[in-house]
1. Filter the stretch 279-290 for residues that are more than 24 Å from Gly206 (Cα to Cα) and buried (at least 22 other Cβ atoms within 10 Å of the Cβ) and give the result.
2. Part of a helix (DSSP H, G or I) and modelled with pLDDT of 95 or more: which single residue out of Ile99, Ile81 fits that description?
3. For the stretch 46-78, give me the residue count where each residue is surrounded by fewer than 20 Cβ atoms within 10 Å (Cβ to Cβ), part of a helix (DSSP H, G or I) and either β-branched (Val, Ile, Thr) or within 16 Å of the ligand (Cβ to nearest atom) (or both).
4. Among the residues of the stretch 47-89, what is the count of those that are of a type in the set (Val, Ile, Thr) and either over 16 Å from the mean Cα position of the chain (by Cα) or farther than 13 Å from Met212 by Cβ (or both)?
5. So for the stretch 12-32 (the condition being within 27 Å of Leu323 (Cα to Cα), free of Cβ contacts under 8 Å to residues at least 40 places away in the same chain and either crowded, with 24+ Cβ neighbours inside 10 Å or of a type in the set (S, T, N, Q) (or both)), does at least one residue qualify?
6. Given the residues Ala182, Ala174, which is the only one that is in contact with a strand residue (DSSP E or B) (Cβ under 6 Å, 6 or more places away or on another chain) and within 15 Å of Thr141 (Cα to Cα)?
7. Determine which single condition Ser86 fails, assuming it passes every other condition in (1) of a type in the set (Ser, Thr, Tyr); (2) farther than 14 Å from Cys200 by Cβ; (3) more than 14 Å from the ligand (Cβ to nearest atom).
8. Do we have any residue at all in the stretch 300-314 that's modelled with pLDDT under 95, on the phi > 0 side of the Ramachandran plot and part of a loop (DSSP other than H, G, I, E, B)?
Amino acid sequence: MTMSMIDLRSDTVTRPSTEMREAMAYAEVGDDVWGDDTTVIKLQDKCKELTGKPAALFVTSGCMGNQLAIKCHTNPAEEIIAEWDSHIVKYEIAGPAFISGVQTMPLKGVMGFMSPAEIVSNIRPDWYHYPKTSLVCIENTHNRAGGTIYPLEDIKKVSDVTREHNLKLHLDGARIFNASVASGVSVKEYASHVDSITFCFSKGLGAPIGSMLCGDEEFITKAHKFRKILGGGMRQAGIIAAGALYAIENNIERLKDDHKNARRFAEEISKLPYVVIDMASVQTNIVIFNTTKDAAKIKEVLEGKGVLVTNDGSDKIRAVFHLDVSSEQTEQAIDVFKTLRA
Ligand SMILES: Cc1ncc(COP(=O)(O)O)c(C=O)c1O
(Lines give C-alpha, C1' and ligand atoms only; values in the text may rest on other atoms or scores of the structure.)
Protein backbone atom coordinates (compact mmCIF):
# COMPACT_ATOMS: atom_id res chain seq x y z
CA MET A 1 0.00 0.00 0.00
CA THR A 2 1.34 3.44 -0.90
CA MET A 3 1.04 6.42 1.46
CA SER A 4 -1.12 8.31 -1.05
CA MET A 5 -3.95 5.84 -0.53
CA ILE A 6 -7.02 7.14 1.27
CA ASP A 7 -7.34 4.45 3.89
CA LEU A 8 -10.92 4.12 5.13
CA ARG A 9 -10.58 0.50 6.28
CA SER A 10 -10.56 1.36 9.97
CA ASP A 11 -9.63 4.02 12.50
CA THR A 12 -6.93 1.61 13.70
CA VAL A 13 -4.73 2.35 10.68
CA THR A 14 -3.54 5.77 11.85
CA ARG A 15 0.17 6.36 12.23
CA PRO A 16 1.59 8.26 15.19
CA SER A 17 2.36 11.91 14.43
CA THR A 18 5.85 13.35 14.86
CA GLU A 19 4.77 15.01 18.14
CA MET A 20 3.33 11.75 19.45
CA ARG A 21 6.50 9.88 18.48
CA GLU A 22 8.57 12.50 20.29
CA ALA A 23 6.45 12.14 23.41
CA MET A 24 7.01 8.38 23.20
CA ALA A 25 10.72 8.62 22.52
CA TYR A 26 11.39 10.78 25.57
CA ALA A 27 8.90 9.15 27.95
CA GLU A 28 10.04 8.37 31.46
CA VAL A 29 9.87 4.63 31.89
CA GLY A 30 10.25 2.00 34.58
CA ASP A 31 9.23 -1.64 34.73
CA ASP A 32 5.46 -1.87 34.70
CA VAL A 33 5.47 -5.51 35.80
CA TRP A 34 7.21 -4.20 38.94
CA GLY A 35 4.61 -1.41 38.98
CA ASP A 36 7.11 1.45 38.79
CA ASP A 37 6.69 2.81 35.28
CA THR A 38 5.74 6.41 36.03
CA THR A 39 4.25 7.12 32.59
CA VAL A 40 1.95 4.07 32.85
CA ILE A 41 0.98 5.19 36.35
CA LYS A 42 0.25 8.69 35.07
CA LEU A 43 -1.90 7.30 32.24
CA GLN A 44 -3.82 5.00 34.58
CA ASP A 45 -4.41 7.91 36.99
CA LYS A 46 -5.63 10.08 34.14
CA CYS A 47 -8.08 7.36 33.08
CA LYS A 48 -9.39 7.00 36.64
CA GLU A 49 -10.14 10.72 36.53
CA LEU A 50 -11.76 10.48 33.10
CA THR A 51 -14.02 7.57 34.04
CA GLY A 52 -14.56 8.28 37.74
CA LYS A 53 -13.59 4.66 38.44
CA PRO A 54 -11.31 3.96 41.42
CA ALA A 55 -8.87 1.75 39.49
CA ALA A 56 -7.45 1.36 35.98
CA LEU A 57 -5.20 -1.14 34.21
CA PHE A 58 -3.29 -0.50 30.99
CA VAL A 59 -3.76 -3.48 28.66
CA THR A 60 -2.44 -4.44 25.27
CA SER A 61 -5.70 -4.25 23.32
CA GLY A 62 -9.45 -3.83 23.38
CA CYS A 63 -9.83 -7.61 23.14
CA MET A 64 -7.68 -8.09 26.21
CA GLY A 65 -9.70 -5.49 28.14
CA ASN A 66 -13.00 -7.14 27.24
CA GLN A 67 -11.78 -10.66 27.95
CA LEU A 68 -10.28 -9.67 31.30
CA ALA A 69 -13.58 -8.05 32.25
CA ILE A 70 -15.49 -11.21 31.35
CA LYS A 71 -13.00 -13.34 33.26
CA CYS A 72 -13.21 -11.18 36.38
CA HIS A 73 -17.00 -10.81 36.42
CA THR A 74 -17.87 -14.49 35.88
CA ASN A 75 -17.20 -18.07 36.95
CA PRO A 76 -16.93 -21.08 34.61
CA ALA A 77 -20.26 -22.62 33.53
CA GLU A 78 -22.06 -19.30 33.79
CA GLU A 79 -23.61 -17.31 30.96
CA ILE A 80 -23.12 -13.79 29.64
CA ILE A 81 -25.49 -11.72 27.53
CA ALA A 82 -24.06 -9.72 24.63
CA GLU A 83 -25.42 -8.24 21.44
CA TRP A 84 -25.43 -10.59 18.45
CA ASP A 85 -23.32 -8.31 16.25
CA SER A 86 -21.03 -6.99 18.99
CA HIS A 87 -17.24 -7.21 18.85
CA ILE A 88 -17.23 -9.66 21.76
CA VAL A 89 -19.56 -12.03 19.89
CA LYS A 90 -18.29 -11.49 16.35
CA TYR A 91 -14.56 -10.93 16.59
CA GLU A 92 -13.11 -12.28 19.81
CA ILE A 93 -12.80 -15.88 18.66
CA ALA A 94 -15.07 -17.45 21.29
CA GLY A 95 -12.85 -15.83 23.92
CA PRO A 96 -15.50 -16.01 26.65
CA ALA A 97 -15.70 -19.81 26.20
CA PHE A 98 -11.97 -20.28 25.82
CA ILE A 99 -10.70 -17.97 28.55
CA SER A 100 -13.56 -17.82 31.04
CA GLY A 101 -15.44 -21.07 30.39
CA VAL A 102 -18.70 -19.20 29.99
CA GLN A 103 -21.44 -19.48 27.41
CA THR A 104 -22.60 -16.44 25.47
CA MET A 105 -26.29 -15.69 24.91
CA PRO A 106 -26.26 -13.38 21.87
CA LEU A 107 -29.31 -11.11 21.56
CA LYS A 108 -30.20 -9.34 18.35
CA GLY A 109 -30.29 -5.61 18.96
CA VAL A 110 -31.68 -2.65 17.07
CA MET A 111 -28.81 -0.48 15.81
CA GLY A 112 -26.62 -2.57 18.07
CA PHE A 113 -28.62 -2.01 21.24
CA MET A 114 -30.40 -4.68 23.22
CA SER A 115 -33.65 -3.58 24.81
CA PRO A 116 -33.84 -3.85 28.60
CA ALA A 117 -36.99 -6.01 28.22
CA GLU A 118 -35.16 -8.41 25.91
CA ILE A 119 -32.30 -8.65 28.40
CA VAL A 120 -34.69 -9.36 31.26
CA SER A 121 -36.45 -12.11 29.33
CA ASN A 122 -33.09 -13.80 28.71
CA ILE A 123 -31.83 -13.82 32.28
CA ARG A 124 -31.88 -17.45 33.33
CA PRO A 125 -34.18 -18.45 36.17
CA ASP A 126 -32.44 -20.21 39.02
CA TRP A 127 -32.88 -23.85 37.98
CA TYR A 128 -30.41 -26.70 38.05
CA HIS A 129 -30.68 -27.23 34.28
CA TYR A 130 -29.52 -23.69 33.55
CA PRO A 131 -26.27 -21.78 33.68
CA LYS A 132 -26.35 -18.73 35.92
CA THR A 133 -26.50 -15.44 34.02
CA SER A 134 -23.80 -13.29 35.53
CA LEU A 135 -22.85 -10.51 33.12
CA VAL A 136 -24.26 -8.24 30.43
CA CYS A 137 -21.90 -6.63 27.89
CA ILE A 138 -22.84 -3.58 25.85
CA GLU A 139 -20.89 -1.75 23.13
CA ASN A 140 -20.74 2.04 22.68
CA THR A 141 -20.29 3.14 19.95
CA HIS A 142 -21.44 0.02 18.19
CA ASN A 143 -18.98 -0.86 15.45
CA ARG A 144 -20.98 -3.15 13.18
CA ALA A 145 -24.15 -1.09 13.50
CA GLY A 146 -22.21 1.83 12.00
CA GLY A 147 -20.70 3.63 14.97
CA THR A 148 -24.08 4.19 16.60
CA ILE A 149 -24.32 5.75 20.04
CA TYR A 150 -26.05 3.83 22.82
CA PRO A 151 -28.57 6.37 24.16
CA LEU A 152 -27.76 7.26 27.76
CA GLU A 153 -31.35 6.67 28.86
CA ASP A 154 -31.17 3.10 27.52
CA ILE A 155 -27.84 2.49 29.26
CA LYS A 156 -29.46 3.64 32.51
CA LYS A 157 -32.33 1.21 31.98
CA VAL A 158 -29.95 -1.67 31.24
CA SER A 159 -28.00 -0.71 34.34
CA ASP A 160 -31.19 -0.78 36.45
CA VAL A 161 -31.93 -4.25 35.08
CA THR A 162 -28.47 -5.60 35.86
CA ARG A 163 -28.49 -4.16 39.40
CA GLU A 164 -31.97 -5.47 40.07
CA HIS A 165 -30.93 -8.97 38.97
CA ASN A 166 -27.55 -8.88 40.64
CA LEU A 167 -25.63 -9.05 37.35
CA LYS A 168 -22.50 -7.16 36.37
CA LEU A 169 -22.50 -4.75 33.44
CA HIS A 170 -19.44 -4.28 31.21
CA LEU A 171 -19.13 -1.57 28.59
CA ASP A 172 -16.95 -2.21 25.55
CA GLY A 173 -16.20 1.46 24.97
CA ALA A 174 -13.50 0.94 22.35
CA ARG A 175 -14.85 4.17 20.80
CA ILE A 176 -16.39 5.77 23.88
CA PHE A 177 -14.68 9.08 23.09
CA ASN A 178 -16.48 9.18 19.74
CA ALA A 179 -19.75 8.61 21.59
CA SER A 180 -18.92 11.28 24.15
CA VAL A 181 -17.83 13.96 21.67
CA ALA A 182 -20.88 13.35 19.45
CA SER A 183 -23.49 13.12 22.22
CA GLY A 184 -22.07 15.61 24.71
CA VAL A 185 -22.34 12.95 27.44
CA SER A 186 -19.09 12.69 29.39
CA VAL A 187 -17.13 9.45 29.56
CA LYS A 188 -17.53 9.69 33.33
CA GLU A 189 -21.31 9.76 32.99
CA TYR A 190 -21.29 6.72 30.69
CA ALA A 191 -18.92 4.90 33.04
CA SER A 192 -21.01 5.68 36.11
CA HIS A 193 -23.73 3.27 34.94
CA VAL A 194 -21.48 0.24 34.40
CA ASP A 195 -19.26 -1.93 36.59
CA SER A 196 -16.37 -1.88 34.14
CA ILE A 197 -15.35 -0.15 30.95
CA THR A 198 -12.68 -0.78 28.31
CA PHE A 199 -11.60 1.85 25.82
CA CYS A 200 -8.94 2.01 23.15
CA PHE A 201 -6.19 4.53 22.45
CA SER A 202 -5.36 2.87 19.15
CA LYS A 203 -8.58 3.72 17.29
CA GLY A 204 -9.89 7.25 16.73
CA LEU A 205 -7.46 8.68 19.30
CA GLY A 206 -4.58 7.77 17.02
CA ALA A 207 -2.10 6.07 19.38
CA PRO A 208 -0.26 3.01 18.07
CA ILE A 209 -1.01 0.55 20.89
CA GLY A 210 -3.02 0.08 24.04
CA SER A 211 -6.36 0.10 25.80
CA MET A 212 -7.54 0.77 29.35
CA LEU A 213 -9.72 -1.30 31.61
CA CYS A 214 -11.37 0.57 34.50
CA GLY A 215 -13.46 -0.59 37.43
CA ASP A 216 -13.31 -0.91 41.18
CA GLU A 217 -10.17 -1.87 43.13
CA GLU A 218 -11.13 -5.50 43.70
CA PHE A 219 -11.98 -6.01 40.03
CA ILE A 220 -8.74 -4.42 38.80
CA THR A 221 -6.62 -6.37 41.31
CA LYS A 222 -8.09 -9.54 39.85
CA ALA A 223 -7.66 -8.30 36.26
CA HIS A 224 -4.01 -7.48 36.99
CA LYS A 225 -3.32 -11.14 37.79
CA PHE A 226 -5.12 -12.41 34.72
CA ARG A 227 -3.34 -9.86 32.54
CA LYS A 228 -0.10 -11.49 33.67
CA ILE A 229 -1.42 -14.98 32.90
CA LEU A 230 -2.42 -13.90 29.41
CA GLY A 231 1.05 -12.53 28.74
CA GLY A 232 -0.04 -8.91 29.03
CA GLY A 233 2.62 -7.81 31.51
CA MET A 234 4.68 -5.23 29.66
CA ARG A 235 7.99 -3.89 30.97
CA GLN A 236 9.00 -0.38 29.75
CA ALA A 237 5.39 0.18 28.74
CA GLY A 238 5.74 3.91 29.39
CA ILE A 239 6.91 4.20 25.80
CA ILE A 240 3.46 3.24 24.53
CA ALA A 241 1.60 4.80 27.46
CA ALA A 242 3.15 8.14 26.43
CA GLY A 243 1.49 7.79 23.00
CA ALA A 244 -1.82 7.13 24.74
CA LEU A 245 -1.36 10.14 27.05
CA TYR A 246 -0.55 12.31 24.09
CA ALA A 247 -3.72 11.04 22.38
CA ILE A 248 -5.90 11.85 25.37
CA GLU A 249 -4.43 15.30 25.72
CA ASN A 250 -4.59 16.24 22.03
CA ASN A 251 -6.90 14.06 19.98
CA ILE A 252 -10.28 13.90 21.70
CA GLU A 253 -11.97 17.12 20.59
CA ARG A 254 -10.80 16.67 17.01
CA LEU A 255 -12.92 13.51 16.70
CA LYS A 256 -15.65 15.97 15.70
CA ASP A 257 -13.78 16.45 12.41
CA ASP A 258 -13.97 12.72 11.69
CA HIS A 259 -17.69 12.75 12.42
CA LYS A 260 -18.16 15.71 10.08
CA ASN A 261 -16.20 13.97 7.31
CA ALA A 262 -18.18 10.74 7.80
CA ARG A 263 -21.47 12.63 7.61
CA ARG A 264 -20.43 14.54 4.50
CA PHE A 265 -19.25 11.34 2.82
CA ALA A 266 -22.47 9.48 3.73
CA GLU A 267 -24.69 12.31 2.50
CA GLU A 268 -22.91 12.47 -0.83
CA ILE A 269 -22.70 8.75 -1.54
CA SER A 270 -26.33 8.27 -0.47
CA LYS A 271 -27.22 10.12 -3.69
CA LEU A 272 -25.62 7.40 -5.80
CA PRO A 273 -28.07 4.93 -7.37
CA TYR A 274 -26.24 1.81 -6.22
CA VAL A 275 -25.88 2.89 -2.57
CA VAL A 276 -28.46 2.09 0.11
CA ILE A 277 -27.66 3.76 3.39
CA ASP A 278 -29.57 4.32 6.60
CA MET A 279 -28.55 7.88 7.44
CA ALA A 280 -29.84 7.45 11.00
CA SER A 281 -26.96 5.06 11.62
CA VAL A 282 -24.34 7.67 10.66
CA GLN A 283 -23.72 9.17 14.08
CA THR A 284 -19.95 9.18 14.50
CA ASN A 285 -16.95 8.18 12.34
CA ILE A 286 -18.19 4.95 10.72
CA VAL A 287 -20.24 4.69 7.54
CA ILE A 288 -21.73 1.32 6.62
CA PHE A 289 -23.86 0.99 3.53
CA ASN A 290 -25.39 -1.67 1.33
CA THR A 291 -24.89 -1.73 -2.37
CA THR A 292 -26.97 -3.10 -5.17
CA LYS A 293 -23.75 -3.83 -7.07
CA ASP A 294 -21.21 -6.51 -6.21
CA ALA A 295 -19.67 -5.09 -3.01
CA ALA A 296 -16.47 -7.13 -3.28
CA LYS A 297 -15.98 -5.87 -6.83
CA ILE A 298 -16.62 -2.26 -5.76
CA LYS A 299 -14.01 -2.63 -3.03
CA GLU A 300 -11.52 -3.91 -5.58
CA VAL A 301 -12.22 -1.13 -8.08
CA LEU A 302 -11.96 1.51 -5.33
CA GLU A 303 -8.60 0.11 -4.32
CA GLY A 304 -7.38 0.52 -7.88
CA LYS A 305 -8.42 4.17 -7.63
CA GLY A 306 -6.64 4.78 -4.33
CA VAL A 307 -9.47 4.34 -1.81
CA LEU A 308 -9.43 1.47 0.68
CA VAL A 309 -12.66 0.26 2.31
CA THR A 310 -13.73 -3.04 3.87
CA ASN A 311 -16.26 -5.64 2.76
CA ASP A 312 -16.94 -8.72 4.89
CA GLY A 313 -18.22 -10.83 2.00
CA SER A 314 -21.79 -9.50 2.36
CA ASP A 315 -23.37 -6.68 0.33
CA LYS A 316 -22.11 -4.18 2.90
CA ILE A 317 -19.17 -1.80 2.61
CA ARG A 318 -17.61 0.00 5.58
CA ALA A 319 -15.71 3.29 5.45
CA VAL A 320 -14.17 4.69 8.64
CA PHE A 321 -12.96 8.27 9.14
CA HIS A 322 -10.01 9.12 11.34
CA LEU A 323 -7.18 11.56 11.90
CA ASP A 324 -5.24 10.43 8.86
CA VAL A 325 -8.15 11.35 6.54
CA SER A 326 -8.51 15.08 5.93
CA SER A 327 -11.62 16.85 4.65
CA GLU A 328 -9.82 17.20 1.26
CA GLN A 329 -9.26 13.45 1.14
CA THR A 330 -12.91 12.95 2.08
CA GLU A 331 -13.87 15.01 -0.98
CA GLN A 332 -11.44 12.98 -3.10
CA ALA A 333 -12.98 9.74 -1.84
CA ILE A 334 -16.46 11.04 -2.70
CA ASP A 335 -15.26 11.92 -6.21
CA VAL A 336 -13.85 8.43 -6.65
CA PHE A 337 -17.19 6.92 -5.57
CA LYS A 338 -18.96 9.10 -8.13
CA THR A 339 -16.80 7.68 -10.92
CA LEU A 340 -18.21 4.22 -10.14
CA ARG A 341 -21.61 5.33 -11.36
CA ALA A 342 -20.94 4.30 -14.93
C1 LIG B 1 -16.08 -2.30 19.45
C2 LIG B 1 -14.72 -2.91 19.53
N3 LIG B 1 -14.34 -3.52 20.66
C4 LIG B 1 -13.13 -4.08 20.79
C5 LIG B 1 -12.22 -4.04 19.77
C6 LIG B 1 -10.90 -4.74 19.94
O7 LIG B 1 -9.83 -3.89 19.97
P8 LIG B 1 -8.35 -4.45 19.62
O9 LIG B 1 -8.29 -4.54 18.17
O10 LIG B 1 -7.49 -3.39 20.23
O11 LIG B 1 -8.23 -5.74 20.33
C12 LIG B 1 -12.57 -3.42 18.56
C13 LIG B 1 -11.59 -3.39 17.44
O14 LIG B 1 -11.87 -3.00 16.36
C15 LIG B 1 -13.85 -2.85 18.43
O16 LIG B 1 -14.24 -2.27 17.30
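The values are calculated or read from the model by the stated rules, or taken from the named source; none is laboratory data. Computed from a prediction, not measured in an experiment: that's the story for all the values here. With ideal geometry, Cβ positions are generated from the backbone for all residues, glycine too; neighbour counts draw on all protein chains shown.
1. Answer for the stretch 279-290, where residues must be more than 24 Å from Gly206 (Cα to Cα) and buried (at least 22 other Cβ atoms within 10 Å of the Cβ): just Phe289.
2. Of the residues listed, the single one that is part of a helix (DSSP H, G or I) and modelled with pLDDT of 95 or more is Ile99.
3. Qualifying residue count for the region: 0.
4. 6
5. yes
6. Answer to the selection: Ala174.
7. (3)
8. yes
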